[in-house]
Structure formats: structure tokens, C-alpha cells
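K.L.:
For reference, the structure I am asking about is given below.
The values are calculated or read from the model by the stated rules, or taken from the named source; none is laboratory data. Because the structure is a prediction, the values reported are computed rather than measured. Glycine also receives a Cβ, built like all others from the backbone with ideal geometry; neighbour counts cover every protein chain displayed. We work out accessible area using only protein heavy atoms, side chains counted, and drop any ligands, DNA or RNA first. Shrake-Rupley method; radii C 1.70, N 1.55, O 1.52, S 1.80 Å.
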Amino acid sequence: MTTFLVTGGSGFIGSHLTERLLGAGHSVVALDNLSTGQTSNLDPVRENPNFRFVQGSVLDELVVDELVHDCDVVVHLAAAVGVKLIVEQPLRSLTTNIRGSEIVIEAAHRYRRQILVASTSEIYGKNSNGPLSETADRILGSPAVARWAYSAAKGIDEVLALAYHKERDLPAVVVRLFNTVGPRQSPAYGMVIPRFVRQAVAGEPITVFGDGTQTRCFCHVADVVTALTMLLDEPAAIGDVFNVGWGGEEISMLDLARRIIELAESKSEIELIPYDKAYERGFEDMLRRVPNTDKIAALTGWAPTLRLDDILRESLMDARLEQSV
Ligand SMILES: NC(=O)c1ccc[n+]([C@@H]2O[C@H](COP(=O)([O-])OP(=O)(O)OC[C@H]3O[C@@H](n4cnc5c(N)ncnc54)[C@H](O)[C@@H]3O)[C@@H](O)[C@H]2O)c1
């Protein structure tokens, strides 16, 4: 039995990973300050004797030191996540995503623990070429545009984890997650599918930001968790960076809204909201965001199993259940 420390364990991805690891017979300690995570996300595992929840922050060096000391493997998911949060609370987000990660990575190094660090497709910034492989260029706008702060912070996390690997032999893996969706993802922080689906179910206008021609790809959280566990089990992944996402079904935001309306049999109209109004003046977006996942596929054989319609049907079912409660 391996003991995992999952930072951000009450969050969307963290809670699914925690369930999977416990299901595989491992022991999990989840560290989370509940800033965006929900205690209810961990209800399915609360009674599991191999599970422990610690409410606290990755910014608390003493807590992190003790928990890393007591575990075998660290999965660092805790972060201020999503463009909306970063635009609205840049200082808190930067502190969590830079200093918090530094504290966790330093502790992993201190005790020689294997660590997986969650990064993001925001790393690629405005690079709208696609599919993007791990070596694709980063194209970032001005630091004065708040959005790029998330990318900048995660970039520092990546460099730090890989520098500790290169210079000090830290067994670190970096995973760049593209849009991940599924149960427990909150619509509160600007994630597009939960937002559209709830609007469709409520019969409210579906608010598409910009002109809606920008395209994205979506991967189900169950597939993402499988990718994480495969990389954790693969010694050859250490010291390297991997994209995780599903690049097979690129879709524009307008078509996504239309598809959701159709599947939900909703009377919702589509409303275009300019970026300036949705976020702030000068907000910048990328036209495409498509992952190339050849690298993880070649190393581990990973391939996503769930398709966009599976994801949308499940999200609609969840939103209807939520509405009926
Ligand atoms: N969901 C996606 O589409 C996506 C895409 C790219 C990258 N990621 C990355 O995956 C990771 C998990 O994201 P998620 O989608 O599950 O978001 P989430 O907001 O549900 O999870 C983040 C968790 O971290 C916790 N947290 C925040 N600050 C903390 C702190 N100082 N100390 C302890 N816990 C803290 C939050 O309470 C939350 O539970 C993040 O690192 C994020 O950058 C997610």
C-alpha cells in the first residue's frame, strides 16, 4: 500500500483521484483549504479507514512538511484555478500557485518523495496552432493582462519541479491538463460546460463569451485520473512533461452551446457577451486549444474513453438532479 498526499484533494480532480487511489487499495491524505473545494466531494470516501482529510493550506510550511514526511508520493493539485479567479483575485492566486507550489516541491525534495505537479494548457498562452505538443511555444500577452498570470505562475511551477529533478534528482513529473470536465466541477469559476449546461436546464440564455468561434477540447475527469495514475506508475515519466486531454473532438463555443441546447431539448437562446464584459477590459483569448497527446500514449498506452456527448449527457443529468433538489 502506498500513501499518497493529494493537495487540493477536495477539489474537482483531486476528489476523483482520491477515490480512485483508495479504490486501488492505497492510503490517501487530502490537504485542502476548501477555498474552491467542497467537503461534500469527499463524502464517498469519508468513512474509508485509509483516508484522512486535513483542512489546511499548502502555504503552511509546517503542515506541508509533516504531511510530505508521512507520505510516499505527492500529487500536487492545489491551486487557484481558472481564468475567472485569476482575473478577479490575482494576488491570492499568484501566492497560492507560486509560493504554495514551491513549498510543496521543496518538501518533496527534502524527503525525496516522488511528486506529480499539475500544470495547465494555459501554459501555451495564445498559441492557437494545434494540436499542441509539449514542446510547442508559449505565446503570452502582456503581464498587464491578468489572464496570463495563471500561465506565468504554472510556468514557474513547471520549471521549478524540473530544475529540482535535473539538479537534485527529485522524482518529479509535470502534467499539463487541458479542459477537464465531469461530475463535481463547479460552474462558479467560469468553467464553460457546467455553466452552459445549467443555463440550458434552467432555460436561461446561454452566455457565450466573445464571438463564439473559439474552439476547445474536453476530456472526462475519469480519463484524466487514469492518465495521472498511469504516469505515477511509470518510472520513465520522471523528469518529463505530458499533455493530458482529448484532442479528437474540437468544438467551437457556439457549436457547444447549440449541442447542449439540442441534447437538453432546451428553449434557451444563445447570448454573445463581449470579453470586456465577461472578464475585464483588454481580456485576451486564444482561438484554438487542442492537445497532442502522442507522448503519454506512446509511454503508457493511455487513450481517453469518453466522448463529448457522453460528457454532455452526464453533465445534463447532474444539472437536472441538482435543480430538482
Ligand atoms: N479542471 C481543469 O480543466 C484544469 C485544467 C488545467 C489544469 N488544471 C489543474 O488541475 C488542478 C486541480 O484543478 P481542479 O479543476 O480540480 O480545480 P479545483 O478548484 O476544484 O481544485 C483545486 C483545489 O485546491 C484547493 N486549494 C486552493 N488553494 C489552496 C491552498 N492554498 N491550500 C490547499 N488547498 C488549496 C481548492 O480548495 C480546491 O479544492 C489545479 O492545479 C489546476 O491548475 C485543471
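K.L.:
I'd like the residue in segment 186-213 that is open to solvent by less than 10 Å² (accessible area, probe 1.4 Å) and part of a strand (DSSP E or B) and, out of all such residues, is nearest to Ala264 (Cα to Cα).
P.N.:
Per the stated criteria, the residue is Ile206.
K.L.:
Of all residues in segment 214-245, which are away from the ligand (no atom under 16 Å from the Cβ), outside any loop (DSSP other than H, G, I, E, B) and in contact (Cβ under 8 Å) with a residue 12 or more places away in the chain? Can you show your working first?
P.N.:
Step one: of segment 214-245, the residues away from the ligand (no atom under 16 Å from the Cβ) are 230, 233-240.
Then drop every residue that is not outside any loop (DSSP other than H, G, I, E, B), which leaves 230, 235-237.
Scanning segment 214-245 gives Met230, Ala236, Ala237.
K.L.:
Yes or no: Asn48 open to solvent by 30 Å² or more (accessible area, probe 1.4 Å) and either over 25 Å from Gly245 (Cα atoms) or within 9 Å of the ligand (Cβ to nearest atom) (or both)? Give the derivation first.
P.N.:
Numbers: open to solvent by 30 Å² or more (accessible area, probe 1.4 Å): yes; either over 25 Å from Gly245 (Cα atoms) or within 9 Å of the ligand (Cβ to nearest atom) (or both): yes.
Spelling it out, Asn48 is indeed open to solvent by 30 Å² or more (accessible area, probe 1.4 Å) and either over 25 Å from Gly245 (Cα atoms) or within 9 Å of the ligand (Cβ to nearest atom) (or both).
K.L.:
Filter segment 138-185 down to the residues that are open to solvent by less than 40 Å² (accessible area, probe 1.4 Å) and polar (S, T, N, Q), then identify the one that is farthest from the ligand (Cβ to nearest atom).
P.N.:
Taking the candidates together, the pick is Ser151.
K.L.:
In addition: Considering only residues of segment 288-310 that are over 20 Å from the mean Cα position of the chain (by Cα) and hydrophobic (A, V, I, L, M, F, W, C), which is least open to solvent (accessible area, probe 1.4 Å)?
P.N.:
Checked segment 288-310; the qualifying residue least open to solvent (accessible area, probe 1.4 Å) is Leu299.
K.L.:
Any idea which of (1) within 30 Å of Asp240 (Cα to Cα); (2) in a loop (DSSP other than H, G, I, E, B); (3) of a type outside the set (Gly, Ala, Ser) is the one Arg281 doesn't satisfy?
P.N.:
(1)
K.L.:
Let me ask another. Taking Glu314 as meeting all but one of (1) more than 25 Å from Ile86 (Cβ to Cβ); (2) open to solvent by 60 Å² or more (accessible area, probe 1.4 Å), write down the number of the exception.
P.N.:
For Glu314, the failing item is (2).
K.L.:
For segment 86-102, give me each residue that is open to solvent by less than 10 Å² (accessible area, probe 1.4 Å) and in contact with a helix residue (DSSP H, G or I) (Cβ under 7 Å, 6 or more places away or on another chain).
P.N.:
Of segment 86-102, the ones open to solvent by less than 10 Å² (accessible area, probe 1.4 Å) are 86, 93, 97, 100-101.
Ile86, Ser93, Asn97, Ser101 - these are the residues of segment 86-102 that are open to solvent by less than 10 Å² (accessible area, probe 1.4 Å) and in contact with a helix residue (DSSP H, G or I) (Cβ under 7 Å, 6 or more places away or on another chain).
K.L.:
Here is a follow-up. Here are the criteria: (1) within 16 Å of Val181 (Cα to Cα); (2) modelled with pLDDT of 95 or more; (3) part of a loop (DSSP other than H, G, I, E, B). Tell me which single one Gly248 does not satisfy.
P.N.:
Every listed condition holds for Gly248 apart from (2).
K.L.:
Somewhere in segment 188-209, is a residue within 15 Å of the ligand (Cβ to nearest atom) and acidic (Asp, Glu)?
P.N.:
no
K.L.:
Here's something else I'd like to know. Here's a check for you: in segment 51-71, which residue that is closer than 19 Å to Gly25 by Cα and part of a loop (DSSP other than H, G, I, E, B) is farthest from the ligand (Cβ to nearest atom)?
P.N.:
Keep residues of segment 51-71 that are closer than 19 Å to Gly25 by Cα, which gives 51-53, 70-71.
From the residues that got through so far, the ones that are part of a loop (DSSP other than H, G, I, E, B) too are 70-71.
Working: Asp70: 17, Cys71: 15 Å.
Only one residue tops the list, namely Asp70.
Per-residue answers, yes or no, for (1) near the ligand (Cβ under 9 Å from one of its atoms); (2) surrounded by 17 or more Cβ atoms within 10 Å (Cβ to Cβ):
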| position | (1), (2) |
| --- | --- |
| Met1 | no, no |
| Thr7 | yes, yes |
| Val28 | no, yes |
| Asp32 | yes, yes |
| Leu42 | no, yes |
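K.L.:
Whether any residue in segment 74-82 is surrounded by 15 or more Cβ atoms within 10 Å (Cβ to Cβ), among the β-branched types (Val, Ile, Thr) and over 11 Å from Leu5 (Cβ atoms) is what I want to check.
P.N.:
At the first step, the residues of segment 74-82 found to be surrounded by 15 or more Cβ atoms within 10 Å (Cβ to Cβ) are 74-82.
Subset that is among the β-branched types (Val, Ile, Thr): 74-75, 81.
In the following step, the residues that additionally are over 11 Å from Leu5 (Cβ atoms) were identified as 81.
There is at least one residue in segment 74-82 that is surrounded by 15 or more Cβ atoms within 10 Å (Cβ to Cβ), among the β-branched types (Val, Ile, Thr) and over 11 Å from Leu5 (Cβ atoms).
K.L.:
Here's a follow-up. Looking at Asp276, is it closer than 30 Å to Arg168 by Cα and open to solvent by 40 Å² or more (accessible area, probe 1.4 Å)? Break it down stepwise before answering.
P.N.:
Details: closer than 30 Å to Arg168 by Cα: no; open to solvent by 40 Å² or more (accessible area, probe 1.4 Å): yes.
Taking the combined requirement at face value, the residue does not satisfy it.
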